[in-house]
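Remarks on the structure that follows.
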Amino acid sequence: MSKRGWFPLLLMASLATVLCFLTLPIVAIFVDTSPLALLSSLHEEGALEALRLSIVCSAIAVVIIVLVGTPAAYLLASRRFRGRATLVTLIELPLVLPPAVAGIGLLAALGPNGLLGSRIEDAGINLVLTTAGVVVALTFVSAPFFLRQVQSAFEALDHTWLEASRTLGASESRTFLAVAIPTAGPGLISGLALAWGRALGEFGATLMFAGSFRGITQTVPLAIYQDFSTDFTGALSLSAVLVAVSVALLLSVKLLSGAEWLGGAAR
Amino acid sequence: MLHVEVGTRLGAFALDVALEVPAGCCLALAGPSGAGKSSVLRVVAGLLTPESGRISCGEEVWLDTDRRVDLAPERRPCGYVFQDYALFPHLRAWQNVAYSIRDTSRRARRRRALELLERFGVAHLADVRPRTLSGGERQRVALARTVARRPAALLLDEPLAALDASTRASASRELNRVLNEAGVPALLVTHNFMEAALLGDRVGVIDAGRVIQQGTAAELAASPGSAFVADFTGAVVLTGTARGGEDGLTHVALDGGGALASTEQGEGPVAVSVYPSEIAIEPSGSPRTGSAQNRLEVEILSVTTIGNRVRLGLAAPQPFTAEITSASARELALTPGMRASATWKATSTRLVRQ
Amino acid sequence: MRTRWPVGLVVLILVAAGCGSESGGASEPTLTVSAATSLKNAFTAYGKEFKQAEATFSFAGSDELAAQIQQGVKPDVFAAANTKLPDQLFAKGLVKKPKVFAGNRLVLAVSANNARVASLRDLEQDGVTVAIGAPSVPVGAYTRTVLGKLPPSQSQAIKANVRSEEPDVGGIVGKLSTDAADAGFVYISDVRGAGGRLRAIELPKKAQPSVAYGVAVVKGAKQPKQAEAFIDGLVSGPGQQELKAAGFEPPPAE
């Protein structure tokens with residue numbers, strides 16, 4: 001073997017290790033029990049309720065994140081102002097927060113004893129132990145994933161497109177809607193997929209802030225955790241479903257970001 | 001009439017410009033990179049707000065820092081052609097052109113867009129996306145898009161820079177036609193003096209934020225106001241020290257050796273300017289015949305043939321260039337390394353302040 | 001010359017790894033204990049006094065820990081908040097014969113500054129939120145036993161107010177401390193351990209379940225001798241004292 005030979009081999013070995021490590025647990029989920037057992041345990045009421053809750057709550061969270069987060073990310077990407085770097089770091093903070101800490105933070109802010117607790121109660125809103133609380137927890141942990149992605153997508157835009165739009169008579173808002181968003185499309189979609197995936201998998205903050213109750217707050221990850229000690233097959237089947245949904249999300253991101261109709265602005 | 005007054009800091013220097021461009025006229029701002037020319041365009045378009053300035057087009061005031069008037073770019077009816085055209089990648093050609101057309105049905109907008117594309121000879125590309133267009137095609141779509149808005153002034157940023165040499169000729173003809181037909185004031189910036197000369201009715205040379213000289217291209221080339229302008233407009237520039245002579249001529253002792261005479265007045269450190277085409281080459285050491293006063297012994301560094309002309313790189317020892325016919329170059333058998341004499345008239349020798 | 005530093009780096013990593021395991025092996029062995037969340041304070045204190053090994057703990061719902069052992073995880077000691085789980089594992093041959101080492105009392109707990117709930121009856125009111133354990137966690141099973149012993153109308157009303165089924169008793173304590181829930185069913189030892197943040201409301205004696213904690217050495221444990229010693233100290237030694245101090249009761253009479 002020539003002296004040049006060891007580096008490419010090292011590269012391949014690293015890739016093989018990473019592949020095995022990442023795919024083995026996922027493959028094992030599907031291999032450990034028969035597909036029939038998986039499907040039948042999926043039909044139990046608790047499982048379907050958990051699925052419904054997970055999908056609905058994560059979808060609502062994602063809609064909120066996209067509607068509020070896109071303009072926010074645009075502002076961060078298009079302007080330079082004092083303290084911008086600090087703002088960006090603050091927004092990214094939940095990314096590195098352990099979910100349990102996120103849960104405690106949410107309780108400390110929005111819980112009954114929290115900073116805004118009494119005001120929320122006065123408004124007649126109850127967040128802890130409710131489905132709304134699940135949405136809040138999911139939004140908190142997933143938003144940074146979207147914001148980060150979208151901010152860099154907007155930053156990567158050729159600013160002359162935006163300027164050209166202005167010189168052609170379009171206001172800033174029209175420029176945002178008609179030029180910035182379509183050309184940042186792939187980044188927006190991958191941010192959405194990341195945030196949605198994160199929201200589907202959220203466990204710690206949800207458990208702490210919203211609790212775990214079938215039909216109201218027990219999302220799929222919480223149901224898996226509960227099933228784990230009594231009904232391992234049930235836990236497996238729910239895990240398999242979650243994996244399938246996540247894979248579907250990733251695939252649709254790949255397809256959409258390469259789509260022709262987006263003008264292929266992703267260069 | 002487009003009236004521009006701008007004063008603002010731009011990094012290392014201050015931009016301080018005052019221009020007037022009448023309707024139907026094109027003023028080309030020519031200068032080196034970083035001179036601030038694009039910034040002038042951006043200020044006029046409203047993409048950059050200067051510390052102080054006043055910009056008006058006809059009756060409308062677009063910017064007046066004293067009175068706190070600062071119209072947003074979309075409220076200024078100017079057409080901006082960007083250096084790389086900035087066509088929207090997610091829209092087809094006709095949609096790009098129709099972008100500024102509002103208030104009508106989709107069909108009407110498409111029809112108007114097609115008309116404009118037809119005028120520029122690219123109607124057949126109406127449904128194509130910019131990604132697949134060539135440089136020249138993109139320029140035409142960009143022009144169509146700009147005039148679709150019926151702008152009151154045109155701003156062009158290095159309009160030919162993104163094109164390859166072969167397309168540039170036809171593109172500049174195209175551009176000339178647009179500028180003539182539009183009938184509005186046009187401000188164009190370029191780093192290439194030839195381009196400025198071709199496209200502009202008047203040329204302003206800008207460096208480090210200031211317009212050093214304004215006039216027609218011929219005026220600037222013939223009477224450069226400074227060494228920089230002379231250099232920029234393609235003349236030969238040699239440095240030396242001048243003093244008046246009893247024969248009424250100014251004698252210049254060149255730095256590094258050699259002497260020249262000029263019919264212009266000057267004293268002290270000067271730059272001497274002459275055009276390459278005004279210089280004649282004779283075999284080295286030949287006696288002076290004829291009226292040409294200036295003669296320098298030079299070494300030939302390079303010989304480049306351009307069609308029926310030959311450009312010679314010379315060293316006296318200061319470097320400069322001369323242009324003679326290819327025929328003469330062959331007759332004299334000029335090759336690099338040879339010594340020769342370069343001669344020209346004192347009346348063609350311009351003196352410029354250092 | 002260039003390939004030396006990657007080799008050096010690998011050697012360094014191996015040495016560091018070797019050193020890491022050295023310190024555990026030669027001087028003091030490590031005892032891994034999987035224990036119910038309610039045992040946290042008592043066991044942590046006992047661990048500091050346990051000299052035969054460096055005790056490391058994994059606290060979670062007893063059912064969660066039992067499931068791990070079923071999946072092949074092998075701590076040295078398994079301590080649960082009931083005897084059912086250790087007995088099940090013993091029947092499957094995964095642990096040695098379990099011993100009962102403590103008892104506890106289930107109580108209704110509220111946040112110390114919450115005046116809304118003063119008795120079991122108050123749990124039936126509209127709008128009161130209750131947190132209990134999940135069905136498979138011992139504290140949750142005990143709670144269901146208690147509710148089962150109440151008149152049906154009362155237990156229905158209380159069940160209708162349940163808003164969270166926590167995977168371990170720590171989750172319930174957390175909900176109560178932050179006023180996320182009005183009331184919850186926890187052990188008296190948890191109220192003691194909450195340092196004044198919680199208040200206990202006693203349950204009627206006839207509704208009280210028999211709470212017995214079981215402990216066993218896991219088969220295949222790495223430190224079986226130290227495991228046995230740990231359990232001995234738990235049954236009658238410093239461990240038993242820590243349990244008493246934490247509010248646990250002596251094991252119920254058979």
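Any read-out appearing in this document is the output of simple, stated calculations on the displayed coordinates, not a laboratory observation. In this text, all values refer to a predicted model and were calculated from it rather than measured experimentally. Every residue, glycine among them, receives a Cβ derived from its backbone with ideal geometry; neighbour counts consider all protein chains shown.
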Rg/Rh ratio calculated on Cα atoms of region A:59-258 (Kirkwood radius): 1.04
Of all C-alpha pairs within chain C, those more than 32 angstrom apart amount in percent to 31 percent
Please compute the average number of Cβ atoms from other chains found within 10 Å of each residue's Cβ in peptide B:70-76. 4
Which cross-chain or sequence-distant (5 or more) residues have an amide H under 5 Å from the amide H of B:Ile212, H modelled 1.01 Å from N in plane? B:Val205, B:Ile206, B:Asp207
For C:Lys97, list the lysines whose Cα falls under 22 Å from its own Cα; do not include residues on the same chain fewer than 8 positions away. C:Lys74, C:Lys84, C:Lys219, C:Lys222, C:Lys225
Per the helix-only calculation at 222 nm, which mean residue ellipticity applies to chain A, given -39500 (n - 2.57) for every DSSP H run of n ≥ 4 and division by its residues, nearest 500 deg cm²/dmol? -24500 deg cm²/dmol
Length-normalised contact order of chain A in % [C-alpha pairs under 8 Å, at least 6 apart]: 28 percent
Partner shielding of C:168-177, taken as the mean number of other chain Cβ atoms within 10 Å, equals 2
With just the Cα atoms of region B:168-252, tell me how far they stretch along each of the three principal axes, in Å, largest first. 56, 26, 21
Take the Cα atoms of chain B, find their three principal axes, and give me the spread along each one in whole Å, biggest first. 81, 49, 31
Across peptide B:184-196, what mean number of C-beta atoms from other chains lies inside 10 Å of a residue's C-beta? 0
Let a ≥ b ≥ c be the square roots of the eigenvalues of the Cα gyration tensor of region B:197-354; is it rounded (a/c under 1.5), or, if not, prolate (a/b larger than b/c) or oblate? oblate
Treating only Lys and Arg (+1) and Asp and Glu (-1) as charged, each at its beta carbon, one finds that the protein assembly as shown has a dipole about its Cα centre, in Debye to the nearest 20, of 1200 debye
DSSP H segments from chain B that extend 24 Å or more along their own axis, Cα-based, with Kyte-Doolittle mean of -1.0 or above: B:165-182
Quick one: 3J(HN,Hα) in Hz for region A:206-223, Karplus 6.51/-1.76/1.60 with θ = phi - 60°, rounded, Gly and Pro as x. 4, 4, 6, 8, 9, x, 9, 9, 4, x, 10, 9, 7, 7, 4, x, 5, 5
Using only the Cα atoms of the protein assembly as shown, construct the convex hull and provide its projected area averaged over every direction, in square nanometres to one decimal. 57.3 nm²
Karplus-derived HN-Hα couplings along region C:230-243 (A = 6.51, B = -1.76, C = 1.60, θ = phi - 60°), whole Hz, x at Gly and Pro: 4, 5, 4, x, 6, 6, 8, x, x, x, 4, 5, 5, 4
With θ set to phi - 60° and the Karplus curve 6.51 cos²θ - 1.76 cosθ + 1.60, what are the ³J(HN,Hα) couplings of region C:123-133 in order, to the nearest whole Hz, using x for Gly and Pro? 5, 7, 5, 5, x, 7, 9, 10, 10, 10, x
Gap separating the Cα centres of region A:120-135 and region B:30-56, nearest whole Å: 54 Å
Answer with one residue from B:Leu175, B:Val236, C:Phe50: the one whose Cα lies farthest towards the positive end of the charge dipole of the protein assembly as shown, charges on Cβ with Lys, Arg +1 and Asp, Glu -1. C:Phe50
Computed over region C:106-207, Kirkwood Rh from alpha-carbon pairs, angstrom: 13.1 Å
